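Visitor: Mind looking over this structure? Questions follow.
The numbers here are math on the coordinates, done by the rules we state, and not lab data. All values derive from a computational prediction rather than experimental measurement. Ideal geometry is used to build each Cβ from the backbone, glycine not excepted, and the neighbour counts take in all protein chains shown.
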Amino acid sequence: MFRPTHWATARVLQQNGCDILIPRGQACCGAIHFHAGWSEPASRLSLQNVAAFDTKSIDAVIVNVAGCGSMLKEYAHHWSDAHQPERAALADKVRDVHEFLDQLGIKPPTGPMPIVATYHDACHLGHAQGITAAPRRLMAQIPALELVDLRESDLCCGAAGTYNLAEPEMSGRLARRKLDRILETGTRTVATANAGCILQITREARRRGQPLRVVHPMVLLDESYQGGMGAS
């Protein structure tokens, strides 16, 4: 569903001098299972990921989905067994892509993006990982892009993993409130760093006939590195 976002992420990392390895043996992070109370299958998935990543030969495990990053960073805390040291070694390498690039210091993108955009703080990035400034700092380096504040940016959009399926009424209320705040900004581009948020906000915008573009910040950075809007 989000293959273009993954390719954009890889290209942005390459633009900043990173060699990208994508282990074929990796699996789902297990967050959906764990949050639903299915600890055993989540544990099996964690061990599959431990086996997939050679933590001694890499500098970081980059994640571009906030919910997945939160889960991977917490691997060492969820289970107390003989595999805890390996889980901890993997968790220690995990970095959200914004966190990583912000600390690395990016090569300034040069392609102009003459748009007005706003940014929604995904709960698992802002609340769980404490990463709020890094995405904004990265997007601020995109030429001609104007980033406007979103009121209640840190309020949940209602996706929350499987919450939109388990509690559709409350989820819908949150989605409507989030879209109301977005529409207040007058923007037509919304950036957010979690797949669930992208789906939730896009769905509510379509339901209400609002032509919003909801994308990951890496997509905007990638477009600027490739020449900006209107580039061939």
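Visitor: Hey, any hits in the range 93-109 for a residue that's free of Cβ contacts under 8 Å to residues at least 12 places away in the same chain, out of contact with any Gly (no Cβ under 9 Å at 6 or more places or on another chain) and farther than 23 Å from D121 by Cα?
Guide: Checked against the condition, which is being free of Cβ contacts under 8 Å to residues at least 12 places away in the same chain, out of contact with any Gly (no Cβ under 9 Å at 6 or more places or on another chain) and farther than 23 Å from D121 by Cα, the range 93-109 yields no hits at all.
Visitor: So which residues in the range 91-149 are within 23 Å of D19 (Cβ to Cβ) and of a type in the set (K, R), if there are any at all?
Guide: Those that are within 23 Å of D19 (Cβ to Cβ) and of a type in the set (K, R): K93, R95, K107.
Visitor: Given the options G186, G172, G158, name the one that is surrounded by fewer than 14 Cβ atoms within 10 Å (Cβ to Cβ), farther than 30 Å from G17 by Cα and not hydrophobic (A, V, I, L, M, F, W, C).
Guide: G186
Visitor: Also, I was wondering about something else. Among the candidates Q48, Q84, Q26, Q15, which residue alone is touching a residue at least 60 places away in the same chain (Cβ under 8 Å) and farther than 23 Å from D121 by Cβ?
Guide: Details: Q48 fails: touching a residue at least 60 places away in the same chain (Cβ under 8 Å); Q84 fails: touching a residue at least 60 places away in the same chain (Cβ under 8 Å); Q26 fails: touching a residue at least 60 places away in the same chain (Cβ under 8 Å).
Going through Q48, Q84, Q26, Q15 in turn, the sole match is Q15.
Visitor: So, of the residues in the range 43-102 that are β-branched (V, I, T) and in contact with a Lys or Arg (Cβ under 9 Å, 6 or more places away or on another chain), which turns out to be nearest to T162 (Cα to Cα)?
Guide: Of the range 43-102, the ones β-branched (V, I, T) are 50, 55, 58, 61-63, 65, 94, 97.
From what is left, the residues that are in contact with a Lys or Arg (Cβ under 9 Å, 6 or more places away or on another chain) are 50, 55, 58, 61-63, 94.
Details: V50: 25, T55: 30, I58: 32, V61: 25, I62: 23, V63: 20, V94: 23 Å.
Step by step, filter the range 43-102, then rank; the result is V63.
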